[in-house]
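Following: one structure in structure tokens, then a few remarks.
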Amino acid sequence: KKDGWYQKKKYPHFDLPLSFEEAEKLVTNPKTVATHAFYPFIAYDKTERKIKRVQKRRKSSNKQRPIRYAAHKDGYIYAYYSKFLTGLYETKLKTLDIDECVLAYRTDLGESNIEFSHRAIEEIRKRGTCAVVTCDISGFYDSLDHRHLKKQWCELLGVEQLPQDHYNVFKSVTRYALVNRDECYDALGVEKRSKKNPRPAPPPKPLCSEPAEYRERIRAGGLIHRNLD
């Protein structure tokens, strides 16, 4: 990623990709970000095949993985603010002296999971008898208290209230909207891949030729679903 946040992607959405210079001008202007109107995510479910061993036998199952992808301009903003907050987060870990204990969402470690695992195993060998606790929180992000998230966001910035640009980004990821990809393509007359049509014509870029088409076919068509939790 250029400058740690910019990556030009070519997938079809409601807007077009920007050059690095154009994207940088957008994301580094807090006033522009504060008033930016975020498009809904385009959503679909991807089926993934999982294989695991059960009593020495391999057992396969299908798992539905929800995919959500942002419009191009929105994605640049998310990536830029993510990089900025990650830097503050990593500094905070060092300040609290838990830098060596936390691995999640780090970009400053320069090691792989294999190396982390090796260090953990070596530590267990050195200690001898010890206990290992593992857990998996189901639906963690879906059930995360947004008030707590906002509080921690403010704490990282060292403020009592989020600045308008940060607040607009916060709102867009907590009270987000999405459009089902199949419903969207049907409304816009875009060909979809199927057994009868394995090689459909590529979708137009952008998906809507003008803002009026987006308002009439997507918004007025009732295709936007909002998360109001």
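Of note:
- Residues of the stretch 16-25 that turn out to be open to solvent by 20 Å² or more (accessible area, probe 1.4 Å) and either in contact (Cβ under 8 Å) with a residue 24 or more places away in the chain or in a loop (DSSP other than H, G, I, E, B) (or both), as a count: 4
- Out of Leu156, Leu178, Leu207, sole residue that is assigned to a strand (DSSP E or B), under 27 Å from Tyr80 (Cα atoms) and touching a residue at least 24 places away in the same chain (Cβ under 8 Å): Leu178
- Residue check, Ala187 over 24 Å from the mean Cα position of the chain (by Cα), of a type in the set (Gly, Ala, Ser) and either open to solvent by 70 Å² or more (accessible area, probe 1.4 Å) or modelled with pLDDT under 95 (or both): no
- Some residue of the stretch 34-45 being open to solvent by less than 100 Å² (accessible area, probe 1.4 Å), at pLDDT 95 or above and in a helix (DSSP H, G or I): yes
- Among the residues of the stretch 159-169, those identified as in contact (Cβ under 8 Å) with a residue 24 or more places away in the chain and either among the aromatic types (Phe, Trp, Tyr) or assigned to a loop (DSSP other than H, G, I, E, B) (or both) are Pro163, Tyr167.
- Selection status of Ile98, modelled with pLDDT of 90 or more and not in a helix (DSSP H, G or I): yes
- The stretch 112-124: number of residues that are hydroxyl-bearing (Ser, Thr, Tyr) and outside any loop (DSSP other than H, G, I, E, B): 1
- Residues (assigned to a helix (DSSP H, G or I) and either modelled with pLDDT under 90 or surrounded by fewer than 11 Cβ atoms within 10 Å (Cβ to Cβ) (or both)) located in the stretch 125-150: Arg125, Lys126, Arg127, Arg147, His148
- Selection from the stretch 60-115 of residues that are among the aromatic types (Phe, Trp, Tyr) and open to solvent by 70 Å² or more (accessible area, probe 1.4 Å): Phe84, Tyr105
- Residues (in a helix (DSSP H, G or I) and touching a helix residue (DSSP H, G or I) at 6+ places or on another chain (Cβ under 8 Å)) located in the stretch 183-204: Cys184, Ala187, Leu188
The values are calculated or read from the model by the stated rules, or taken from the named source; none is laboratory data. Predicted, not measured: the structure shown is a model, and the values here were computed from it. So basically every Cβ, Gly included, is an ideal-geometry build from the backbone, and we count neighbours across all protein chains shown. Side chains included, ligands, DNA and RNA excluded: accessible areas come from the protein's heavy atoms. Shrake-Rupley method; radii C 1.70, N 1.55, O 1.52, S 1.80 Å.
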